[in-house]
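Notes follow the structure.
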Amino acid sequence: MRSVVGATLLALALALSAPRVPGVAAHDVSSTRAKQNQPKSPVSLTVATGYGGHYRASAWVPIRVTLRNQSSAALSGSVTVPDQGSKTQFAAQDSFSIYQMPVALPAEATKQVTIYLQGRDLGDVVRVQFAVAGKTVAAASDSPTSFDAQTISLGALATAPELVSWLRRTKIQNTSLSTTLLSPDSLDPVAEALANFDAILLTNFDTSRLDREQITALERYVRAGGSLILVGGPDWQETLRPLPSSLVPGNLRGSQGLGALSGLQSLAGTRPPPQTTIVSVLDHPRGFVAASQGGLPLVVRQRLGQGRIMYLAFDPAVDAFPRWGGTVTLLSDLIMQAAPQVVGRVTSSGQGGFYTNRFGPSTMRPVVANVPASATWPSLFLLIALAVLSILIVGPVNFLLLRRLHKQELAWVAIPALGLLCLTASVATASHLKGNMVLLNTVGMVELDGSSAIRPATLYVGMLAPMRGDYRAVWDGPALPQSLPQYIADVGSAPSTSSLALRFREGSQTTLDFPSMNMWSTRTAALRTSVTIPGTVRSKLHLASDGSIVGTVHNGTSLMLARPIVMAGRAIVRLSDMPPKSTRRVRIRPHASLPGQVQPALWDQIYGATSPDPGFGSWDGDPWEEPPLGTEASLSDRLRNAAERLPEARDIASRGEILFLGWSQSPLGTFTVDDAAPQRRDLNLIVSPLSVRFPRGPFRLLPGTIGANVVDARPRQPQSSCCFDSVTPPAVAVGPGGSATFQFDLPEAHRIHFRELALSAGGSSGSVTAVGQAYDWRAGRWVVIDLQAGNALLPRPDRFISAAGALQVRLRSTTELGDLVIADPHQDLQLSGWATSS
Amino acid sequence: MGDVELMPGTSAIRRTRVLLPLDAVVRKELRTRMRSRHSLAIVTVYLGVLGSVLVVFLIEHSDPGSGRSSQVGSQLLQTLAIFQLCLILFVTPSSMAGAVSGERQQRTWELLRVTRLTSFDIVWAKLLAGLTVNLFLLFGSLPLLSSVFLFGGVGPRDVLYTYLVLVLTVLLLAVISLLVSVLTSKPATSIIVSIVLSVLLGFGLSLLVLFLEAEQQGTGITILTQLGSLPPGTPPLTPWAQVDPIVALLSALPNGKGGTLLGGLGKVHHAFGLPWTTSLWGAFCLLSLAISLLLVALSSLLIRLGPPWLNRPAA
């Protein structure tokens, strides 16, 4: 006995004193040994991330992997890139995803594949592996850096670098310019990847070398908020003629020589040298003509979707410009005007809440993980009744029965037997009720902008697994996939934890592998893709004499649109559900936020107040205080939950447009799960901008009818930071000495005569403290307007409206007045007045 | 006990020697325990406490809109299992600690010692009887636990692993309590000492494990809330975690996302000094079994030798 005790003690001591080798360290050791014994890899692998090693965190980033098979045998394997998780201050993702791309490498062949990852998921180091039959045969890494907020990133499609050397002459305070020379090979046919650039410049470039996908990507890039700068000049034909008409703001018809570009004096401040310059000729310019000479447009800006196109009739690379003193001012202003989204980012950098925009699409996770209660949730009453019943049966009833039978000792058989019986019954009941249900919960937003039936869409997908195991969902189309991780406390420098949530495969079909799913658990992902929706929502709207917007809206799509609304400023009108091809009458009286007035969150205003309180709308982004998903007792609750968390819908009230919003519960696109059609639950927000005509005769223009856009800014560092608890940074925040210029675009301005026109500045954020100026187009100078009271009447208003319908307002910050902060130009700046249309 | 002495004949004695612990002592123990109202009360109170936990949990998570059914299922299993473990930490020592000291107090111990039962037979029989009663409680709670399947996120395998840890914890606590019972003469003393040891093994060891891990991480006590989500490369838990029932349970419980509550920390690399990777709860089960066998042997040895302080004649 003593020997047994002694031996066991020894064994125990040995066990507890076993060396403490961490798992990763052990793995590393074995890897090192394996490397030592490995023969030379048959494949060489190089990786290049982003554009010149840079990327924009908010964009999708191309990871170009070049593989060279150095062996004489063909190899088939897959390139793998793990995401590193959006690690932010205090928080990291609870899981990671892997992006895979199958590659067949013939003997001694070289191939390049491109995988796209969301910029926020890249991490500090991008690690790429090529594996054959599960064994890694080549690996490489890259360390890209993201552009900071002050960097203006420019992609240039030009034949030679010297053709864009003029960009070096731009000087924009508080910013730096990063230019990447692009070629047909490096221009990604993916609009979301082009979003790495604040603007894309086309100059002296044979655009016919771009394929159809690249041109489509360029247009989608602009419609999604990008900027395109088109340079005409002597080589305009090569550069601009192959472009589709939607990307050119007018009709190009030739070129001509101008003695001096005096038309640019209004932009540059000084007169250009008297040197003949060849300019391209644009007829019937669309948009705003910022500079012209002798009726010939020199600079034209056109809005397209959420972005804009800037056309320059001249080539800044030609000889006249380097010698001109006004070039720096001119080119710097043009760059700022070409990319208005830069204005907001540069001037508002460091502004906004502590948790500003930190979690992006992950806020959709609870929405798509939310499946109908009836699908998974057992009855609370039933569960409590069963619990009480089982306690009674196993306890008192069992004992009393056995005592009556004088067989108390049988309790040791009866209790385990009853326990196992209940367990088996529960498992069997649960399996019978839910064992075969694969549910795909999809929430997304589609914008019906443009004429094509193929619409860009973002779909958020949650898959409910009926049984434990691996699942494969396939989206029948190309898409950019992304996981929607949960955030956990960040405890160190490691970027992610060990849990693999998803494996993605990009291509003509997009595969989403969900490994090791638990029974009745949901896992979520987002797809940036396109869906086909023929038709659009058309409107025949005009302003009534009292300023109301009246007319009809027609559902020209094949979708049943539920709970449709029309939105003008902060005014909304609810319409009845719209079946396909149906028409509804609309009457809406636009209004905007009054200065200092606290507005309810937009979606609360539309679908009723949220529950619980405070809801998502007042959340400051702190991951530990994220409000739970509001209870969904009705369709309105579900719509509000989806809308307020949809990242794409977050700025919808700031568009400054008259918008139609409706919900479709029809599936968009095709999903299969393990080669079978899953049960689907879809909810998609359909958004369509509506146009409004001015009527003939006198009419009133109400605030909220026409919104303003930032078109230019002179950034200066604000004196103080603001809005600690704000999730969204202000659109513009400029310190003393800086300014921001806003523009109202009035349709059909040539036939409108304003009798009275007032500008109000303040909106919900209170009064704006700045020196106000309006541009007098007839005198060609800025006129000071008094905005101290929050609004100003513009005397003789017609002079402030250009022939193209532009009304420009400049707000300047001074030392006395302090920082200029505009939270939302569409709400904070409003036009109202009386006019007559001929 | 009396049955054994009365059984005549050599073959009968031999048969009795084999069956005796199960057939006689265990049956006597079980019959005595099952006939008392005490057992009914223990089972009912035990299930009542667990049932209350279940009901409170269900009411707390009564919002069907939260859409996290599978996570709720995992959380329910976690809650019930951890509560069960806490109950076990008190119930098992209470039910086992009087096994030998009780006989001493009732002055039946010497009678038992003069039978043909070996000291190992006595220990084994006492242990088996005590274990059976505790296992009743574990199996009796299965109907309550089975509600987790209606939420999802939990498979039968998760419940099996959880129960393995609980059963081995009961075994470990039972043998410790038995050893204490062997070493003391008064049931009250042995119950108190056993409960103290049980609490030390459960909560005390867990605190030690967490303290050592927090020291390694250099992140202080915040590590407590983040054990399951530590990144790869995190230093492993101290080897003491392998004999900690709470840590073992955490390593067996599902987290609702396909992993366990302890995540990567729930693995033991080079377990027992061998090139072998196992789960922490698996290592706990093996170690508990080994320690239990050792303590059973030690208890038998002590019974045979008799602790000197118990052999002293009363003054």
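Could you pull out the trypsin sites (Lys or Arg not before Pro) across the range A:403-454 that fall in loop regions by DSSP (anything but H, G, I, E, B) with no more than 15 other Cβ atoms inside 10 Å?
Here the sparse-neighbourhood loop sites are A:Lys407.
With +1 on each Lys and Arg Cβ and -1 on each Asp and Glu Cβ, and nothing else charged, work out how big the dipole of the range A:516-577 is about its Cα centre, in Debye to the nearest 20.
With Lys and Arg at +1 and Asp and Glu at -1, about 180 debye.
Could I have the simple spin-label model distance between A:Ser143 and B:Ser185, label points 7 Å from Cα toward Cβ, reported in nm to one decimal?
Each label point lies 7 Å from its Cα, and together they span 7.4 nm.
Would you tally the net charge around A:Ala642, using a Cβ to Cβ cut-off of less than 13 Å, leaving A:Ala642 out, and scoring K and R as +1, D and E as -1?
Local net charge: +2.
Using R₀ = 60 Å, calculate the FRET efficiency as 1/(1 + (r/R₀)^6) where r is the Cβ-Cβ separation of A:Ala803 and B:Leu160; round to 0.05.
E(calc), rounded to 0.05, equals 0.15.
Could you check the spin-label model distance between B:Val199 and A:Ala609? Points 7 Å from the Cα along Cα→Cβ, value in nm.
4.8
What are the ³J(HN,Hα) couplings of the range A:386-395, residue after residue, when phi is run through the Karplus curve with 6.51, -1.76, 1.60 and θ = phi - 60°? Round to Hz, x for glycine and proline.
After applying 6.51 cos²θ - 1.76 cosθ + 1.60, I find 5, 4, 5, 4, 5, 5, 5, 5, 6, x Hz.
For an R0 of 22 angstrom, estimate the FRET efficiency from the Cβ-Cβ distance between A:Thr114 and A:Ser183 and round to the nearest 0.05.
0.95
Figure the gain on full extension for A:Leu405 and A:Ser44 (residue separation times 0.36 nm, minus the Cα-Cα span) and round it to one decimal in nm.
Fully extending the segment from A:Leu405 to A:Ser44 adds 121.9 nm.
Quote to one decimal, in nm, the extra length available between B:Leu128 and B:Leu289 on full extension: 0.36 nm per residue of separation minus the C-alpha distance between them.
56.5 nm is the gain from fully extending B:Leu128 to B:Leu289.
Suppose R0 equals 35 Å. What FRET efficiency, 1/(1 + (r/R0)^6) with r the Cβ-Cβ distance, do A:Arg693 and A:Arg781 give to the nearest 0.05?
Rounded to the nearest 0.05, the efficiency is 0.65.
Roughly how large is the B-A contact in terms of buried accessible area, totalled over both chains, probe 1.4 Å, nearest 100 Å²?
Using a 1.4 Å probe, the pair buries roughly 6600 Å².
Show me the trypsin sites (Lys or Arg not before Pro) within the range A:79-182 that DSSP assigns to loop and that have at most 15 other Cβ atoms within 10 Å of their Cβ.
A:Lys171
Under a crude label model (7 Å from the Cα following the beta-carbon direction), how far is A:Thr815 from A:Ile572 in nanometres?
Label at A:Thr815, label at A:Ile572, 4.7 nm between them.
The values are calculated or read from the model by the stated rules, or taken from the named source; none is laboratory data. The structure displayed is predicted, hence computed values, not measured ones. Backbone-built Cβ (ideal geometry, glycine too); neighbour counts: all protein chains shown. The protein model used for the area step is the full one, side chains on, heavy atoms only, and it has no ligands, DNA or RNA in it. Shrake-Rupley method; radii C 1.70, N 1.55, O 1.52, S 1.80 Å.
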